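Undergrad: Sharing a structure, written as structure tokens. Questions coming.
The values are calculated or read from the model by the stated rules, or taken from the named source; none is laboratory data. All values derive from a computational prediction rather than experimental measurement. Quick reminder, even Gly has a Cβ in these numbers, built from the backbone with ideal geometry, and neighbours come from all protein chains shown. Remember, those area values only see protein heavy atoms, side chains included, never the ligands or the DNA or RNA. Shrake-Rupley method; radii C 1.70, N 1.55, O 1.52, S 1.80 Å.
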Amino acid sequence: MPRILMTGAAGGIGTSLRKLLPPIYPNLVLSDLKAPADLGAHEKFKAADLADLAQVEAICEGVDGILHFGGYSVEGPWDAILQSNIIGGYNLFEAARKKRVKRVVFASSNHAVGFYPRHHRIGTDVTARPDSRYGVSKVFGEAVGALYADKHGLGVTCLRIGNFGEKAAGPPPARDLAEAGRPGATLPDRARHPDIHFEIFYGASYNERVWWDNHRAYDLGYRPTGRAEDFREHAMAEQAKLPPDPVGDFYQGGAFCGMEFSGDKSRIVDWK
């Protein structure tokens, strides 16, 4: 069986996947800065700081594939994003190359394209329009992944993850009806498809209001679980409690677009 490394094991997505992946990857190795508080006796864990190349190389030793969910997962100060996502992202791909890892699944984000309006459905081939420093770091990660796929032959899949949870939750709730993804192992499993050289997928469930064309993932056998629409009443009720956001309510990145905004909305990409 292949030996798979998953970074970010103590994070929200990593915690869910730790419960779902063992039947698919029995030889799963977990990593993060610190061990998860609920780490089981049967789970294999190796601590590592992504900003330290030597530590990343150590956890990649003898690994066949990597599920890279580690790093800074929200908007934050530039130095935190730089160390965890920019330097850490580069180190992950470089260590994978040096240790002859065959495949990397990189957790990107919808915030790499957050400044597209909600009323326009986009594919994976659009120009990057990041909505935050965090979004910029995910554009960087996708670019590094493409470089290592083309120049070094590493199989790379980037997952532009939407909102991740058991039900639509988190501000703004109505946005979740388009982008929510229920925890599941199907998409990471499809991401290691042998036909993949370099691909970008959207990490979302089957949502009637989806803003993204994810046909390539479906072509390769992705079959999501859950529907955000099942939680429509909850989402709309929570949305009604929030103050209006003239910028975030218009663009796909939501609050990430509105925070710190000082630009001219009329000059941003828009389809009227």
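Undergrad: Separation between the His197 and Leu82 pseudo-spin-labels, each 7 Å from Cα along Cα→Cβ, expressed in nm?
TA: Inter-label distance under the simple model: 3.5 nm.
Undergrad: Given the pairs Lys138/Lys265; Lys102/Lys151; Lys46/Lys99; Lys44/Lys151; Lys44/Lys98, which span a C-alpha to C-alpha distance of over 20 angstrom in this model?
TA: Long pairs (Cα-Cα over 20 Å): Lys138/Lys265; Lys44/Lys151; Lys44/Lys98.
Undergrad: Taking one equal scatterer on every alpha-carbon of the stretch 98-147, how large is log10 of I(q)/I(0) by Debye at q = 0.22 1/Å?
TA: -0.80
Undergrad: Going by amide H atoms built from the backbone, whose H comes under 5 Å of the H on Ile196, apart from near neighbours?
TA: Amide H neighbours of Ile196: none.
Undergrad: Another question, then. Provide, for q = 0.12 Å⁻¹, the log10 of I(q)/I(0) from a solvent-free Debye sum over equal Cα point scatterers in the stretch 6-79.
TA: Those come out to -0.32, one per q.
Undergrad: How much solvent-accessible surface does Ile13 expose, in Å² to the nearest 10, with a 1.4 Å probe and all protein chains in place?
TA: Roughly 40 Å² of Ile13 is accessible to a 1.4 Å probe.
Undergrad: Using a 1.4 angstrom probe on the protein heavy atoms only, could you order Thr15, Thr127 from most to least accessible area?
TA: Of Thr15, Thr127, the descending order of accessible area is Thr127, Thr15.
Undergrad: Next question, about the same structure. Counting pairs of alpha carbon atoms under 8 Å apart in space and at least six apart in sequence, what relative contact order in percent does the stretch 6-79 give?
TA: It comes to 36 percent, rounded to a whole number.
Undergrad: On the accessible surface of the stretch 88-170, probed at 1.4 Å, how many percent belong to carbon and sulfur atoms?
TA: Solvent-exposed carbon and sulfur of the stretch 88-170 make up 49 percent of the total.
Undergrad: Enter the accessible area of Leu53 (Å², nearest 10), with the probe set to 1.4 Å and all protein chains included.
TA: 50
Undergrad: With a 1.4 Å probe and every protein chain left in place, work out the accessible area per residue of the stretch 24-72 in Å², rounded to a whole number.
TA: That works out to 48 Å² for each residue.
Undergrad: Another question, if that's okay. Given the peptides 36-44, 115-123, 254-262, arrange them by the average over their residues of other C-beta atoms within 10 Å, most packed first.
TA: Descending mean neighbour count gives 254-262, 115-123, 36-44.
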